[in-house]
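Let me begin by presenting the structure, written as structure tokens, before commenting on it.
The values are calculated or read from the model by the stated rules, or taken from the named source; none is laboratory data. Keep in mind that what you see is a predicted model, and the values were worked out from it rather than measured. Methodologically, a virtual Cβ is constructed for each residue, glycine included, from the backbone with ideal geometry; neighbour enumeration extends over all protein chains shown. Just so you know, the surface numbers come from the protein's heavy atoms only, side chains and all, with ligands and any DNA or RNA stripped out. Shrake-Rupley method; radii C 1.70, N 1.55, O 1.52, S 1.80 Å.
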Amino acid sequence: MALPKINVPTFEMTIPSTEQKVTYRPFLVKEEKILLMALEGKDETETARALKQIISNCCIDDIDIDKLAPFDLEYFFLLLRAKSIGETIELTYKCQNKKGKTNCDNVIKFSVDIDAVAVTKNPKHTNKIDITDTIGIMMKYPALETIVNTNFDTENVDDILDVIINCMESIFDNDSVYKMRDTDRSETKEFLEGLTQTQFIKIREFFNTMPKVAYKETIECDKCKKGNEIEIEGMQNFFR
Ligand SMILES: [Zn+2]
């Protein structure tokens with residue numbers, strides 16, 4: 001005899017980058033297993049892959065998971081976590097207020113309401129980067145794997161160029177669009193190496209201003225009674 005089927009509740013969310021409305025269900029024991037296995041492995045590429053697997057399992061509408069921006073996936077995962085495990089995340093923060101010459105350093109416990117986490121968009125952010133009056137670059141978002149694997153603060157120029165090339169969609173001028181997938185990687189690298197510092201900074205701005213999941217709050221220290229303005233950015237920082 002077939003066992004009874006359990007109805008799973010569904011919820012709606014808006015994908016930040018495309019504003020597409022999708023329906024999803026919480027993650028179930030089978031997805032939690034995927035996540036736990038990935039987290040145990042401590043391999044970030046595997047964790048990123050597991051997150052994508054879980055999101056595509058739980059999203060009832062058709063989505064192309066590989067086309068989603070990293071902040072879409074991070075935001076989606078936080079919502080999924082809220083509906084699956086709990087609406088709040090417990091975190092701690094070391095009080096930064098001064099007490100005489102030293103810091104207060106009291107460890108404050110606080111909880112983040114996942115509903116209050118949002119994807120912040122910088123109005124200056126754009127995918128279209130004007131290099132000169134006639135030449136520009138269209139950028140695309142890095143894969144979640146890149147985000148977790150790359151330290152964007154790295155000063156190694158080759159590493160930075162690699163990340164940038166992976167995120168370039170095309171180069172354009174008045175006459176043509178040069179798709180990166182049809183262009184030799186070494187040629188693209190040469191193009192980037194020929195830029196001035198000012199032009200290069202414009203590309204780095206694309207990454208610096210990229211939308212991110214963020215949470216802001218002022219929490220009061222229970223010891224010194226003063227407020228701490230905290231800002232949590234990026235999914236990993238919600239799960240420390
Ligand atoms: Zn304090």
key: Of all accessible heavy-atom area on region 1-146, the percent that carbon and sulfur account for (1.4 Å)   = 52 percent
ask   = Restricting attention to region 15-123, which trypsin sites (Lys or Arg not before Pro) occupy a DSSP loop and are surrounded by at most 12 other Cβ atoms within 10 Å?
value = K42, K101
request  = With r as the distance between the Cβ atoms of K121 and K223 and R0 = 45 Å, compute the FRET efficiency 1/(1 + (r/R0)^6) and round to 0.05.
outcome  = 0.80
request  = Only loop residues by DSSP count here, and only those with at most 10 other Cβ atoms within 10 Å; note down the GluC sites (Glu not before Pro) in region 17-111 that meet that.
outcome  = E19
query = How many nm is it between the label spots at K42 and N7, if each spot is 7 Å from the Cα in line with the beta carbon?
reply = 4.5 nm
message = Given Cβ point charges of +1 (Lys, Arg) and -1 (Asp, Glu) and nothing else, what value in debye, to the nearest 20, does the dipole of the chain about its Cα centre take?
response = 1180 debye
task = Under 12 Å from the Cβ of C167, count the other residues' Cβ atoms, weight Lys and Arg +1, Asp and Glu -1, and hand me the total.
result = 0
query = Lys/Arg Cβ at +1, Asp/Glu Cβ at -1, dipole of region 107-197 taken about the Cα centre: which of V177, P123, G194 is farthest positive-ward?
reply = P123
inquiry  = I'd like to verify something in the chain: which complete DSSP H helices, judged by Cα projection on the helix axis, reach 24 Å or more and average at least 0.5 on the Kyte-Doolittle scale?
reply    = none
ask   = How many Å² of accessible area per residue for the chain, probe 1.4 Å?
value = 62 Å²
remark   = Log10 I(q)/I(0) at q = 0.14, 0.16 Å⁻¹ for the chain, from Debye over equal alpha-carbon scatterers, is -1.05, -1.21
message = Which one, F76, I108, I165, is farthest towards the positive end of the dipole of the chain when Lys and Arg carry +1 and Asp and Glu -1 on their Cβ?
response = I108
request  = Filter the trypsin sites (Lys or Arg not before Pro) in region 149-225 to those in DSSP coil with at most 11 other Cβ atoms within 10 Å of their Cβ, and list the result.
outcome  = K225
query = Which of K33/K212; K67/K216; K42/K121; K52/K212; K140/K202; K21/K179 have a Cα-Cα distance over 19 Å?
reply = K33/K212; K67/K216; K42/K121; K21/K179
key: the chain: relative contact order as a whole-number percent, Cα under 8 Å and 6+ apart   = 18 percent
